[in-house]
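Where a number appears in this text, it was derived from the coordinates with a stated rule and is not lab data. Keep in mind that what you see is a predicted model, and the values were worked out from it rather than measured.
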Amino acid sequence: MTDRTVESVAAAALDLVADGMHIGLGTGHAALAFVSQLAGRVQNGLRVVGVPTSEATAAEARRLGIPLGALDDDAELALTIDGADEVAPNLDLVKGFGGALVRERIVAAASRRQVILVGHDKLVGRLGMRGRIPIEVVPFACRAVERRVRSLGLEPVVRLDGDRPIVSDNGNLTIDCGLRTPLAGPDVARALEADLRGIPGVVDTGLFLGTADRVLVGYPDGRVVVVQTEGRP
């Protein structure tokens, strides 16, 4: 996303925030743009508590003066603002290119609403257009998981930083599961999610299916389009 696109969708998301809310704070470029703009409102007197989905987001929120809480606090999260790597027409998502998919899942599940911020380039006709589905894996199970992933017809690649595996905030590894072709539709995506989750050692997948309340889509000219599935307010 361009800077203008990011700022536009972040500003639109701020309109969903009310005084006194507890908010899930996502991970990635768009989510951090929202955190930055939210901090400006906090400095002007808005009272919110953020629950971050990664240590990187937590550090940035603290630096900007946003009060932080945890999921074991009593207050329910009103919404989570996060980004996505792919958005299908039915609002199914691929997430996890930023390496925070497990905490993103947990925080979203603890929220009444999940609102996704993306540039128009993240809209896809079918999930998997970018060629991979991330999964988070317990290191002890890495090789066994790779074998099982191959048996599903996918090509597993452990995500690296240089020549060393990247370790998530949870102490796990990320495996990018390469696809030969995009997923044929929602039913195929759900079947793949179930297959991947069924592999011992897989903590979670980057397939976020049916979790998004709405998606704010930014365009280079500053427009923001709100996309919702039918029947959602």
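Observations
- Computed per residue of the chain from DSSP H runs no shorter than four, each worth -39500 (n - 2.57), the mean residue ellipticity at 222 nm is -9000 deg cm²/dmol.
- 0 to 90° range, to nearest 10: angle between helix 55-64 axis and the chain longest Cα axis: 10 degrees
- Compactness index (Cα Rg / 2.2 N^0.38 Å), the chain: 1.00
- Rounded tilt (10° steps) of 142-151 against the dominant C-alpha axis of the chain: 70 degrees
- Helix 186-197 axis versus longest C-alpha principal axis of the chain: approximately 70°, rounded to the nearest ten.
- Listed residues 13, 109, 33, most fluctuating in the chain (Gaussian network, C-alpha, under 10 Å): 109
- Contact order normalised by residue count of the range 1-44, Cα under 8 Å, 6+ apart, percent: 48 percent
- Length-normalised contact order of the range 132-205 in % [C-alpha pairs under 8 Å, at least 6 apart]: 46 percent
- Under-5 Å amide H pairs with residue 204, H placed in peptide plane, nonlocal only: 136
- Taking 0.36 nm per residue of separation and subtracting the Cα-Cα distance, full extension of the segment from residue 190 to residue 47 would add 47.6 nm.
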